[in-house]
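These notes concern the structure reproduced below.
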Amino acid sequence: MEITANNPKRKSWLKVEETSDFPIQNIPFGVFLTRDDIITIGTRIGDYAIDLGALHQLGYFEGIPLTDDIFLQDTLNDFIADGRKTWRLVRNRIADIFDVTNSKLRDNVEHKDSVIFRIDEIEMLLPISVGDYTDFYSSKEHAKNLVGLFKDYENDLLPNWLHFPVGYHGRSSSIIPSGVPIHRPVGQQQPNNGETMPNFGATKSLDFELEMAFITTACNDLGHRISIEEAEESIFGMVLFNDWSARDIQAWEQVPLGPFLGKNFASTISPWIVTLDALKPFRVESPKHDHEPLPYLQQDGKHSYDINLEMAIKPEGEKETVVCNSNFKYMYWTMAQQLAHHTINGCPVNSGDMFGSGTISGPTKDSFGSMLELTWNGQNPIKMSDGTERKFINDNDTVIMRGYCKNGNIRIGFGECVGKILPAVEFKK
Ligand code: MN
């Protein structure tokens, strides 16, 4: 089926600024609270949020096989479970409804009133109920940097790293939408030199991880696998993903992955899921592999995406400083390889599951995707525009992640993924 929604010549009758992440070619999906306190599934064009539940009730999706309540839900899981054909039909129809040449909704004031909201009138919510969350470790530059930082432990990448996308299972309970503040986590840290009892208290090395995540539909039954050729068909879309980390808690737990309390207190996502269909014009080849992988992980052609990513830190009451510029295309393992590997043992993947890329670091020092790497574990603090320095994230700092693709005149973006760090919650032993 043709993706007519991607037509670069199309214009909308809704106003879209040139620098907007959300032209009519994007049509992402999200969940929001309307000004009337109703939760609905919606999309966004420019600075307008569009209530898909209301549009459906008014008959604008006639001819597409959808249940009556598919958009009147507080998560996208059921819509995602409907599969790629339905996602395409709906995106194409939305593009058609808001096309500058289509007068049906444009000239119906009453309908427009119940369907269109200004973006500052609504509140974005978590778009899916995340069943399972897996975090990969798929940027070679990042993995190499960690080897360099912890060279007491390993001299090079572990021998498995170049043969499959390494990952671990995370917690879905702490995945939160952009804007939700995070309390500095508390936990055990390494003992001081010569002591045996660990330190305990608020983390002194709170970090971000610049990642992206993809969201799947149901892929496979228990005991079955999906092939690398089928894998992309199962991916609904992507979000920005800040996988907050407490490096001192993590280092005491396990080096370098530490997949427990140093990692699972919060992960912030951007609230609009940009579909893989919308990202199609930005496909690029992934980096050449050092070794040919086993046949179930082999693929040719363009299976990565050219997505510019940045991370900024904004101290309270001050201007932000961009501390990192990276790109999704640096990922050594593709999403299809990750999914084919994840299911090779028969582990089922469900609608609404989420998969983090792992920290995405590039080849240059300003493209490293964490403060751990940017400051080399605090040895080279970053100068902020207000004159202060950062080794890691301070209390009351706001961390802002942004991402977009650009191709000629078309810009498809993800908006912002924002989290503010609050002081640790007081506790009694
Ligand atoms: Mn991570």
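The values are calculated or read from the model by the stated rules, or taken from the named source; none is laboratory data. Since this is a predicted model, take the numbers as computed values, not measurements. Ideal geometry is used to build each Cβ from the backbone, glycine not excepted, and the neighbour counts take in all protein chains shown. Just so you know, the surface numbers come from the protein's heavy atoms only, side chains and all, with ligands and any DNA or RNA stripped out. Shrake-Rupley method; radii C 1.70, N 1.55, O 1.52, S 1.80 Å.
Here's the yes/no breakdown for (1) open to solvent by less than 50 Å² (accessible area, probe 1.4 Å); (2) under 27 Å from Thr216 (Cβ atoms):
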| residue | (1), (2) |
| --- | --- |
| Ile39 | no, yes |
| Thr43 | yes, yes |
| Val90 | yes, yes |
| Glu110 | no, no |
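Taking into account only those residues within segment 214-231 that are open to solvent by less than 30 Å² (accessible area, probe 1.4 Å) and under 14 Å from His303 (Cα atoms), which is farthest from the ligand (Cβ to nearest atom)?
Ile228
Conditions tested, residue by residue: (1) more than 19 Å from Ser138 (Cβ to Cβ); (2) free of Cβ contacts under 8 Å to residues at least 60 places away in the same chain; (3) out of contact with any Phe, Trp or Tyr (no Cβ under 9 Å at 6 or more places or on another chain).
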site	(1), (2), (3)
Pro181	yes, no, yes
Val186	yes, no, no
Pro191	yes, yes, no
Gly194	yes, yes, yes
Ala202	yes, no, yes
Asp207	no, no, no
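Which residues, counting only those in segment 45-72, are open to solvent by 20 Å² or more (accessible area, probe 1.4 Å) and touching a residue at least 40 places away in the same chain (Cβ under 8 Å)?
Correct list: Asp47, Tyr48, Leu58.
Which one of the conditions (1) open to solvent by 30 Å² or more (accessible area, probe 1.4 Å); (2) at pLDDT 95 or above; (3) within 16 Å of the ligand (Cβ to nearest atom) does Gln188 fail to meet, given that it meets all the rest?
All conditions are met except number (3).
Quick one: in segment 128-149, of everything that is more than 16 Å from the ligand (Cβ to nearest atom) and touching a residue at least 60 places away in the same chain (Cβ under 8 Å), which residue is nearest to Val239 (Cα to Cα)?
Result: Ile128.
Pairs only if they're at least six apart or on different chains, beta carbon under 6 angstrom, first in segment 382-405 and touching a residue at least 24 places away in the same chain (Cβ under 8 Å), second of a type in the set (Phe, Trp, Tyr); list them, first residue then second.
Correct list of pairs: Val399/Phe208; Gly403/Phe414; Cys405/Phe282.
What is the one condition in (1) surrounded by fewer than 22 Cβ atoms within 10 Å (Cβ to Cβ); (2) in a helix (DSSP H, G or I); (3) at pLDDT below 95 that His142 does not satisfy?
Single failed check for His142: (1).
What are the residue pairs meeting all of these: first residue in segment 95-107, first residue at pLDDT 95 or above, second residue part of a strand (DSSP E or B) and not hydroxyl-bearing (Ser, Thr, Tyr), Cβ atoms under 7 Å, and 6 or more apart or on different chains?
As it stands, the answer is Phe98/Ile45, since those pairs meet every condition given.
Restricting the search to segment 376-429, which residues are in contact with a Pro (Cβ under 8 Å, 6 or more places away or on another chain), in a strand (DSSP E or B) and open to solvent by 50 Å² or more (accessible area, probe 1.4 Å)?
Glu389, Asn407, Arg411, Lys420
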